[in-house]
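One structure below.
The values are calculated or read from the model by the stated rules, or taken from the named source; none is laboratory data. Every value quoted in this text rests on a predicted model; they were computed, and no experiment measured them. Cβ placement follows ideal geometry from the backbone for every residue including glycine, while neighbour counts extend to all protein chains displayed. We work out accessible area using only protein heavy atoms, side chains counted, and drop any ligands, DNA or RNA first. Shrake-Rupley method; radii C 1.70, N 1.55, O 1.52, S 1.80 Å.
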Amino acid sequence: MEPSSESAGVAGAAPPWARGVRKVTVLTGAGISTDSGIPDFRGPQGVWTRNPGAQQLSTFQAYVSDPAVRRRSWQARRSNPAWTAEPNPAHVALAELAGSHLDTRVITQNIDGLHQKAGTPAERVIEVHGSMFSVVCVSCGDRSPMAGALARVEAGEEDPACNRCGGILKSATVMFGQRLDPAVFARAERAALDCDLFLAIGTTLSVEPAASLCGLAAGAGAAVVIVNADPTPYDGLAAEAVREPIGTAVPRIARRLLA
């Protein structure tokens, strides 16, 4: 299988994987949100590429053990471009799939909420890495809106503590060193096992166990189509790997499936 920038999957006659599809499961990574102004992590202009030390802010052990890391993290949260980002054509195209006759589920490694903002029903979005819109206490597990915690930071608290027990607050996202929520990942596995077509979009497929969902889907008989600028470890099992920019490839694929 030789990927191409203008592949049969998005142009010309319908490829075999686009025919007779009834159930679609989508896995999205940071690459789908770059057109919305949210930089990815590992790309040429990625957050960690430009500032390797930034990865420490997403490492659980460093966060809970070092107040200085937490203070930097709260300032980074205040300026996160996702607060003002808008869905791009790829998000919108997937929302159209989710609102169609096709049984569509979106598994996302992103925490930015742009799938829901584009119109994909929240119950059809599986956020395996959590959401930046809530905070959670690492001690008592109390959850509350991120907006309230950020308001406290704006008011001068550098490292706001849990209002219930005084414990450390963090965003309700999965940091390095934390395991995924087993119940949430079980939903993702069921969605991967129960589809005709599995689309992996804007993800390097290098972070496990999320990347392994491609193998699960393929093993269950689904066609796997990967839309990513660079090769991934799972290209070999894909029916097609599309190198075309995500903002044009995903809408074309959606139109093909809805035709």
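Things worth noting here:
- Residue in segment 159-179 that is of a type in the set (F, W, Y) and either crowded, with 23+ Cβ neighbours inside 10 Å or under 25 Å from R124 (Cα atoms) (or both) present: no
So that you can scan it fast, the table gives a plain yes or no per residue for (1) in contact with a Cys (Cβ under 9 Å, 6 or more places away or on another chain); (2) on the phi < 0 side of the Ramachandran plot:
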| site | (1), (2) |
| --- | --- |
| G156 | no, no |
| C165 | yes, yes |
| T173 | no, yes |
| Q178 | no, yes |
| V184 | no, yes |
| A192 | yes, yes |
| G202 | no, no |
| S206 | no, yes |
| A211 | no, yes |
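- Within the option set A82, A93, A76, being under 28 Å from A183 (Cα atoms) and at pLDDT below 95 holds for one residue only, A82.
Each row is one residue, and each column tells you yes or no for (1) open to solvent by less than 50 Å² (accessible area, probe 1.4 Å); (2) within 20 Å of the chain's Cα centre (by Cα); (3) hydroxyl-bearing (S, T, Y).
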residue: A155; (1), (2), (3): no, no, no
residue: A183; (1), (2), (3): no, yes, no
residue: L213; (1), (2), (3): yes, yes, no
residue: G221; (1), (2), (3): no, no, no
residue: A229; (1), (2), (3): no, yes, no
residue: G236; (1), (2), (3): no, no, no
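- Filter pass, P15 being modelled with pLDDT under 95, more than 19 Å from K170 (Cα to Cα), more than 22 Å from the chain's Cα centre (by Cα) and open to solvent by 40 Å² or more (accessible area, probe 1.4 Å): no
- E189 meets each of the listed conditions (1) within 30 Å of P245 (Cβ to Cβ); (2) open to solvent by 40 Å² or more (accessible area, probe 1.4 Å); (3) assigned to a strand (DSSP E or B) apart from (3).
- Residues within segment 138-148 that are open to solvent by less than 50 Å² (accessible area, probe 1.4 Å) and either over 23 Å from the mean Cα position of the chain (by Cα) or on the phi > 0 side of the Ramachandran plot (or both), tallied: 3
- Within segment 135-146, being of a type outside the set (A, V, I, L, M), under 16 Å from M175 (Cα atoms) and part of a loop (DSSP other than H, G, I, E, B) holds for S139, G141.
- Figure legend. Inter-residue proximity from segment 151-174: first residues within 16 Å of A62 (Cα to Cα), second residues surrounded by fewer than 16 Cβ atoms within 10 Å (Cβ to Cβ) and among the polar types (S, T, N, Q), beta-carbon distance below 6 Å, spacing 6+ or different chains. Indicated pairs: G167/S139.
Residues are listed down the side, and each one gets a yes or a no for (1) assigned to a helix (DSSP H, G or I); (2) basic (K, R); (3) farther than 21 Å from R187 by Cα:
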{"residue": "P209", "(1), (2), (3)": "no, no, no"}
{"residue": "L216", "(1), (2), (3)": "yes, no, no"}
{"residue": "G221", "(1), (2), (3)": "no, no, no"}
{"residue": "T248", "(1), (2), (3)": "yes, no, yes"}
{"residue": "R256", "(1), (2), (3)": "yes, yes, yes"}
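- Meeting the requirement of 1 or more residues that are of a type in the set (D, E, K, R) and open to solvent by 20 Å² or more (accessible area, probe 1.4 Å), the helices (runs of 4 or more DSSP H) wholly within segment 52-134 are 67-78, 89-98, 114-118.
- Residue among R243, R252 that is open to solvent by 60 Å² or more (accessible area, probe 1.4 Å), modelled with pLDDT of 95 or more and among the charged types (D, E, K, R): R252
- Beta carbons closer than 8 Å, at least 6 apart along the sequence or on distinct chains, pair a first residue in segment 62-78 that is over 20 Å from D112 (Cα atoms) and without any contact (Cβ under 8 Å) to a residue 12 or more places away in the chain with a second that is open to solvent by less than 40 Å² (accessible area, probe 1.4 Å) and assigned to a helix (DSSP H, G or I) for A62/V69.
- Members of segment 153-168 that are closer than 21 Å to S65 by Cα and not in a loop (DSSP other than H, G, I, E, B): V153, A161, I168
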